[in-house]
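**Student:** Take a look at the following structure, please.
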């Protein structure tokens, strides 16, 4: 995030955008706080290093915009968004993460995130996104909109199919998957056919690769 953003003149009577920043990486957290703190129309009111702390600080400070990482200890970003929106359905949150799979984006947006940015986004884009979210707009880069659409439109895997897929990714055979889930090999094969169809793949290897890219399994 290089290149300084243009200076903005702020009327003395205009309230600054109050921002809560949450990220479990100290260097990233301090960098974001410094960048936001230098903006004449913004002020960081709190900073959290885990999800639980983010929710607690949100309750205490009631910021205009909450900027948070997706993967944090104790409570992930989606959990934070859901917890905050239980208290205020109009709360404005913006996800800043390194994860860009359609499943991650879809989960965050469905939870109520008003914006979704990757951490390699230019500084100006981040600041513009905070301002957009604060003004009530949605901020999702064009490059991620297609993934969001794909995640929403594609047939969702069932809970059982996700279990089968997870075991498949761990290298289990059909017989081993069946034994683990207490189902027959015939049923396992039926689940695999459905999984292959939904993921639009034709082999076990391809299914694992696509599932990994979408964030459905952790390799």
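**Student:** Going by the conditions given, is residue 32 modelled with pLDDT under 95 and closer than 13 Å to residue 20 by Cβ? Talk me through it step by step, then tell me what you get.
**Tutor:** Values: modelled with pLDDT under 95: no; closer than 13 Å to residue 20 by Cβ: yes.
Criteria not met by residue 32.
**Student:** Scan the range 59-81 residue by residue and report those that are over 12 Å from the mean Cα position of the chain (by Cα) and either within 15 Å of residue 113 (Cα to Cα) or assigned to a loop (DSSP other than H, G, I, E, B) (or both).
**Tutor:** 62, 63, 64, 65, 66, 73, 74, 75
**Student:** Those residues that are surrounded by fewer than 17 Cβ atoms within 10 Å (Cβ to Cβ) and under 18 Å from residue 31 (Cβ atoms), I need them from the range 64-82; list them, please.
**Tutor:** Of everything in the range 64-82, just one residue is surrounded by fewer than 17 Cβ atoms within 10 Å (Cβ to Cβ) and under 18 Å from residue 31 (Cβ atoms), namely 71.
**Student:** I'm checking my understanding of the structure. Among residues of the range 93-129 that are out of contact with any helix residue (DSSP H, G or I) (no Cβ under 7 Å at 6 or more places or on another chain) and assigned to a helix (DSSP H, G or I), which one is modelled with the lowest pLDDT?
**Tutor:** The extreme case among them is 104.
**Student:** Is at least one residue of the range 155-175 more than 26 Å from residue 104 (Cβ to Cβ), outside any loop (DSSP other than H, G, I, E, B) and modelled with pLDDT of 90 or more?
**Tutor:** If we filter the range 155-175 for residues that are more than 26 Å from residue 104 (Cβ to Cβ), which is where we start, we get 173-175.
Those left that are additionally outside any loop (DSSP other than H, G, I, E, B): 174-175.
With the extra rule that they be modelled with pLDDT of 90 or more, the set shrinks to 174-175.
Within the range 155-175, one or more residues are more than 26 Å from residue 104 (Cβ to Cβ), outside any loop (DSSP other than H, G, I, E, B) and modelled with pLDDT of 90 or more.
**Student:** Of all residues in the range 176-188, how many are closer than 15 Å to residue 158 by Cα and in contact (Cβ under 8 Å) with a residue 12 or more places away in the chain?
**Tutor:** 2
**Student:** Right, another one. Could you check residue 11 against (1) in contact with a helix residue (DSSP H, G or I) (Cβ under 7 Å, 6 or more places away or on another chain); (2) modelled with pLDDT under 95; (3) over 19 Å from residue 120 (Cβ atoms) and say which number it fails?
**Tutor:** (1)
**Student:** Let me ask another. When residues of the range 106-131 are filtered for being buried (at least 16 other Cβ atoms within 10 Å of the Cβ) and farther than 21 Å from residue 29 by Cα, how many remain?
**Tutor:** Qualifying residue count for the region: 5.
The values are calculated or read from the model by the stated rules, or taken from the named source; none is laboratory data. Just so it is clear, the model here is predicted, and its values are computed rather than measured. Cβ sites come from the backbone with ideal geometry, for glycine too, and all protein chains shown count toward neighbours.
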